[in-house]
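In what follows, a single structure is set out as structure tokens and then discussed.
The values are calculated or read from the model by the stated rules, or taken from the named source; none is laboratory data. None of these values were measured; they are calculated from a predicted model. Note that each Cβ is placed from the backbone with ideal geometry, even for glycine, and that neighbours are counted across all protein chains shown. The area values use the complete protein model at the heavy-atom level, side chains included, leaving out ligands, DNA and RNA. Shrake-Rupley method; radii C 1.70, N 1.55, O 1.52, S 1.80 Å.
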Amino acid sequence: MDLIDELIKLAFAEDIGEGDHTTLCCIPAEAEGAQKLLVKEAGILAGVEIARRIFNTFDPTLKMEVFIHDGAEVKPGDVAFIVRGKVRSLLQTERLMLNVMQRMSGIATVTRKYADRLQGLKTKVLDTRKTTPGMRMLEKEAVKIGGGVNHRIGLFDMILLKDNHVDFAGGITNAIKRANEYCKANKKDLKIEIEVRSLDELEEVMACGGVDRIMLDNFTPELTRKAVERIGGKYETESSGGITFDTLRTYAECGVDYISVGALTHSVKGLDLSFKAC
């Protein structure tokens, strides 16, 4: 069972508990019907395929007819899909499906805005680990649907030596050396990224080597340009820290490969959707 299946089952347990007494008291078990997903706000639709998994998990007899797919631009009045089957099942899956799709669509919409801001440049916008606990896989999928790129999924699929790691390890050279020794000793093929806070720290990384990517943390655009020139394409580059939509393109024009933006996931408003009887 993957993390999304586990999330769906946990979410149903959280929402339904011992039973949806409202539905059970007024809807006959044999009643059949249909509901449509109605778009009420312009944006990027995301979560259609996750919705399918939600419906199938709860009641495999539900039939879903999709008109608009993940990644499409939508506007108020659009109908994304219709689901037909037992009314009890439709009512009991409604809230979970909407919670997931509204959240994912909100993230995809914001990500598309950032990705469009970088058009014509090589720079890609990255997400971060600033995600809702338990929903990371869905939120990172929404970033991809919106046109962004996933950074590491968690602490297990990449080594990212941030400021605290460097400080506790006794400096940049020690941190990089230990990271490479760890990968060799444990037969791990992991990319190594290190965060630098100044041009002096960058010089230490350049002298040491042994990394795949350098994160320029809280650099000004001027310092970013200097750092990119110094790196000279030897390593991948990433800008991070306090970069907003308004300053995004300025940093990208400095030549960095990636810009990581926590705002893609940590403070997004859900897209307005509803699931109405039809």
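Restricting attention to the stretch 73-93, which residues are of a type outside the set (Gly, Ala, Ser), assigned to a helix (DSSP H, G or I) and open to solvent by less than 50 Å² (accessible area, probe 1.4 Å)? Correct list: VAL87, LEU90, GLN92, THR93. Among the residues making up the stretch 110-139, those that are touching a helix residue (DSSP H, G or I) at 6+ places or on another chain (Cβ under 9 Å), more than 12 Å from VAL261 (Cβ to Cβ) and outside any loop (DSSP other than H, G, I, E, B) are ARG112, ARG136, MET137, LEU138, GLU139. Show the residue pairs meeting these rules: Cβ distance below 8 Å; 6+ apart or different chains; first residue within the stretch 144-168 and within 22 Å of GLY106 (Cβ to Cβ) and open to solvent by 30 Å² or more (accessible area, probe 1.4 Å); second residue among the hydroxyl-bearing types (Ser, Thr, Tyr) and outside any helix (DSSP H, G or I). From the stretch 144-168, the pairs are VAL149/TYR258.
Residue-wise test of (1) within 11 Å of the chain's Cα centre (by Cα); (2) within 24 Å of GLY233 (Cα to Cα); (3) of a type in the set (A, V, I, L, M).
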position: LYS113; (1), (2), (3): no, no, no
position: LEU118; (1), (2), (3): no, yes, yes
position: GLY134; (1), (2), (3): no, no, no
position: ALA142; (1), (2), (3): yes, no, yes
position: HIS165; (1), (2), (3): no, no, no
position: TYR182; (1), (2), (3): no, no, no
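All of ARG249, ARG213 fail the test of being in contact (Cβ under 8 Å) with a residue 60 or more places away in the chain and among the basic types (Lys, Arg), apart from ARG249. Take THR57 and decide whether it is open to solvent by 20 Å² or more (accessible area, probe 1.4 Å) and more than 16 Å from SER274 (Cβ to Cβ). Yes; evaluated as a whole, the condition is true for this residue.
Scan the stretch 171-185 and give yes if some residue there is more than 30 Å from THR109 (Cα to Cα), touching a residue at least 12 places away in the same chain (Cβ under 8 Å), assigned to a loop (DSSP other than H, G, I, E, B) and open to solvent by 10 Å² or more (accessible area, probe 1.4 Å), otherwise no. Yes, there is a match, as at least one residue in the stretch 171-185 is more than 30 Å from THR109 (Cα to Cα), touching a residue at least 12 places away in the same chain (Cβ under 8 Å), assigned to a loop (DSSP other than H, G, I, E, B) and open to solvent by 10 Å² or more (accessible area, probe 1.4 Å). Here the stretch 221-278 is the region considered, the condition is being of a type in the set (Asp, Glu) and more than 25 Å from ILE192 (Cα to Cα), and the residue that is surrounded by the most Cβ atoms within 10 Å (Cβ to Cβ) is ASP272. Considering ASP70, ASP15, ASP5, the condition of being at pLDDT 95 or above and not in a loop (DSSP other than H, G, I, E, B) is satisfied by ASP15 alone.
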